[in-house]
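Each remark here refers to the structure printed beneath this line.
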């Protein structure tokens, strides 16, 4: 029975490399969040809002697979930190949008610059052609995974 508890399940090849990369990015995200005095999920929320420009709490909840109540707590903390503000929805007075403040935009610009520098440093020694193939491979795999998810969702 003790042996059953110790069994490990590991991936190999591309799936293993992809998961290790994702985990390294997640570890970096946690470090960045800590440096900015926010939680990892708060940083993830900022990334989603920054990429979209503006999201309703409901849209953010769907993107992060969280409840609306959890998003209310996260957005309240980010508003208090001066990184987000709530903007009235122009067509629905019961709804609102979450958007970055100027401080939020500065924080995201700095985070993106640091991230780009980290990845640039990590890819030193890899040729431009190798990076181009890697980028194209990652894009194709991403498209295929998203297509499969869409098909599964029907």
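With only Cα atoms counted, the chain has Rg and Dmax values of 19.0, 61 Å. The long axis of helix 40-52 is offset from the longest Cα principal axis of the chain by roughly 80 degrees.
Between helix 102-122 and the chain there is an angle of about 10 degrees, using the helix long axis and the longest principal axis of the Cα atoms. Distance from the Cα centroid of the range 66-124 to that of the range 35-60 is 4 Å (rounded to whole angstrom). With the largest listed first and rounded to whole Å, the semi-axes of the equivalent ellipsoid of the range 1-71 from the Cα gyration tensor are 31, 16, 14. Stretched out straight at 0.36 nm per residue, the stretch from residue 35 to residue 143 would grow longer than its current Cα-Cα span by 35.6 nm. Okay, helix-only estimate at 222 nm for the chain: each DSSP H run of n ≥ 4 adds -39500 (n - 2.57), divide by all residues, round to 500 deg cm²/dmol; what do you get? So the helix-based figure for the chain works out to -23500 deg cm²/dmol.
Take the Cβ atoms of residue 54 and residue 116, set R0 to 25 Å, and the FRET efficiency comes out at 0.60.
Build a GNM of the chain with springs between Cα atoms under 10 Å apart, and of 42, 26, 130 the one that fluctuates most is 130. Axis angle, to the nearest 10 degrees, between helix 128-153 and the longest C-alpha principal axis of the chain: 70 degrees. Take every Cα pair under 8 Å whose residues are at least 6 apart in sequence, average their separation, divide by the length of the range 12-122, and the relative contact order is 21 percent.
Each value in this text was obtained by applying a stated rule to the coordinates, not by laboratory testing. Predicted model, so just to flag it, every value in this text is computed and none were measured. Note that we place each Cβ from the backbone using ideal geometry, even for glycine, and neighbour counts take in every protein chain shown.
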